[in-house]
Structures are given as structure tokens and as C-alpha cells.
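Structure first, then comments.
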Amino acid sequence: MARRPLIAGNWKMNGLKADGVALAKGIAAKMAAEAPRCDMLVCPPATLVDAVAQAVAGSALAVGGQDCHAKTAGAHTGDIAAVALKDLGAAYVILGHSERRADHGESSALVRAKAAAAQAAGLVAVICIGETEAERDAGATLAVVGEQFAGSLPEGANAANTVIAYEPVWAIGSGRTPGIADVAEVHGAIRALAAKALGAEGAAALRILYGGSMKPANARELLALEDVDGGLIGGASLKAEDFWAIAQSCP
Ligand code: PGA
């Protein structure tokens with residue numbers, strides 16, 4: 001089953017309007033000059049979703065949010081509804097990133113409710129899962145990832161409205177990555193869990209991204225793995241050249 005890779009940039013809390021618009025336009029221009037072998041997505045801070053979506057409207061570059069609320073509207077000061085992201089031109093939203101699980105105490109149950117809201121709004125939910133270093137050292141990686149996968153996936157999830165991002169917490173922003181065999185093992189395990197949740201066909205079509213210190217120097221090796229269908233990239237997504245080099249590393 002051929003899955004078209006997705007190369008997704010998670011800009012986190014970085015950039016003001018002029019930087020974000022220039023970065024997104026730079027990536028869209030590269031895509032226009034040479035069609036990549038992958039889908040490409042940028043997820044700017046919520047403050048820039050509108051400007052970035054307008055700047056790249058009509059291009060092949062998709063735009064996403066970094067979080068949304070589980071409710072459509074109401075008394076939730078500071079929160080952002082999935083329908084509001086969609087209204088600005090977003091097509092995706094990252095959910096359950098480890099920084100949100102840690103900084104905002106997000107549980108898998110909450111991530112599942114947010115993912116359901118995102119999908120109901122017509123967004124693709126990019127659901128993040130991954131173990132901490134202590135969990136890996138304790139040999140609990142597959143158990144933790146399995147629990148987060150089962151707990152975060154909403155009913156009604158399918159390969160069209162869901163992307164999974166495996167991000168070992170200790171690899172994020174650290175310059176460290178698991179060994180290639182370890183990445184292959186976890187992605188294979190996620191695919192097997194997906195088969196139980198979505199059926200064989202759904203699992204075969206589901207995109208499972210790797211995230212955590214992916215950069216031009218290691219992308220080719222990671223993206224060549226059978227069950228790695230793209231990347232969720234933080235630091236290296238903030239430079240158009242690096243992000244593009246990663247996209248060019250897709251098999
Ligand atoms: P990183 O971040 O590429 O800077 O490690 C990845 C992420 O947090 O999504």
C-alpha cells in the first residue's frame with residue numbers, strides 16, 4: 001500500500017507575522033518550482049494561522065493549528081475551537097504534543113475529545129504519542145505508546161482524518177534520536193495497533209510520522225523505513241532550506 005508521506009512543520013511558539021509569512025511563502029515557492037514527493041504542512045502559532053493561510057492560499061502547502069478545544073464554542077477563555085481554525089483555512093491540527101501533555105496536563109482522554117472535535121470540524125488530527133526517557137529506560141516504550149494510542153484515538157478515526165506522530169519525548173529538541181531499529185520497532189507496533197482499531201485496510205493507509213530531532217542529516221534514513229510515512233519537525237522546520245531538504249529526503 002503506497003502511502004504518500006507527510007512532512008509537517010511544528011513551529012511551536014516561534015515567529016511574528018512577517019517571519020511566518022516569509023517562511024511559509026518560501027516553502028510554497030519551492031513546492032511550486034519542484035513538486036515534492038510528499039504532502040507538506042506548516043503549523044504556525046495560532047496567532048499566525050490566518051496570515052500564513054492567506055499567504056499560501058492556492059499553493060500546495062497545507063496549514064494547521066497546534067491545538068484546539070474539545071468544544072465548538074463557549075466560555076473557554078483563551079482556547080481555540082477547531083471550527084475556528086478551519087474557518088481560517090487550516091486543514092490539520094496537532095493534538096496531544098508532549099509539550100501540551102506536560103505543560104498543560106493533557107491526558108489521552110482529553111486528546112481524544114479534542115481529536116473528535118477536530119475531525120467533526122473537517123480537520124485532520126495529527127495525534128502525538130511517545131515515551132519519556134525514564135519510560136524508555138524502564139523498557140516501557142511499547143506499553144506507553146500503546147496506551148496513548150488507544151486512549152487518544154477517537155471513535156470515527158480513519159486514515160483520512162487522522163495522522164499519528166510518534167515522538168519520543170527525549171528526542172524532541174535534544175539532537176538525539178532513537179536507533180533506526182528502535183524507530184522501526186515502534187512504528188511497526190503502532191501499525192499493528194492501528195490494524196486492531198481501524199482494520200487492516202485502514203491501518204495500511206494510515207500515515208505514521210516520526211518526530212524528534214529530525215533534520216536534513218538524518219531524514220533520509222528515517223524516512224526510508226517501511227512504517228515511517230513522514231516527519232513532524234520542530235527546529236528544522238523554521239528554516240525553509242532545511243525543511244525543504246527533509247522533504248527532498250522522502251523516498
Ligand atoms: P524537534 O521537535 O524537531 O525540534 O525535535 C519536534 C516536535 O516537537 O514536534
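The values are calculated or read from the model by the stated rules, or taken from the named source; none is laboratory data. All figures in this text were calculated on a predicted structure; none of them were measured in a lab. FYI the Cβ positions are ideal-geometry reconstructions off the backbone, even for glycines, and counts take in every protein chain you see. Only protein heavy atoms, including side chains, enter the accessible area calculation; ligands, DNA and RNA are left aside. Shrake-Rupley method; radii C 1.70, N 1.55, O 1.52, S 1.80 Å.
General observations
- Residue match in the stretch 151-158 (condition: more than 16 Å from the ligand (Cβ to nearest atom), open to solvent by 30 Å² or more (accessible area, probe 1.4 Å) and not acidic (Asp, Glu)): yes
So that you can scan it fast, the table gives a plain yes or no per residue for (1) under 18 Å from the mean Cα position of the chain (by Cα); (2) away from the ligand (no atom under 15 Å from the Cβ):
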| position | (1), (2) |
| --- | --- |
| 116 | yes, yes |
| 124 | yes, yes |
| 143 | no, yes |
| 211 | yes, no |
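- Residue match in the stretch 195-215 (condition: modelled with pLDDT of 95 or more, in a helix (DSSP H, G or I), closer than 14 Å to residue 249 by Cβ and not acidic (Asp, Glu)): no
- Residues of the stretch 59-107 that are touching a strand residue (DSSP E or B) at 6+ places or on another chain (Cβ under 9 Å), more than 25 Å from residue 237 (Cβ to Cβ) and not hydrophobic (A, V, I, L, M, F, W, C): 71, 72, 74, 76.
- Only one entry of 147, 185 meets the criterion of being assigned to a helix (DSSP H, G or I), open to solvent by 50 Å² or more (accessible area, probe 1.4 Å) and more than 22 Å from residue 119 (Cβ to Cβ), and that entry is 185.
- Residues located in the stretch 10-35, provided they are open to solvent by 20 Å² or more (accessible area, probe 1.4 Å) and in contact (Cβ under 8 Å) with a residue 60 or more places away in the chain: 12, 14, 15, 23, 26, 30
- Matching residues, the stretch 213-251, being within 12 Å of the ligand (Cβ to nearest atom) and aliphatic (A, V, I, L, M): 214, 219, 222, 232, 233, 236, 238, 246
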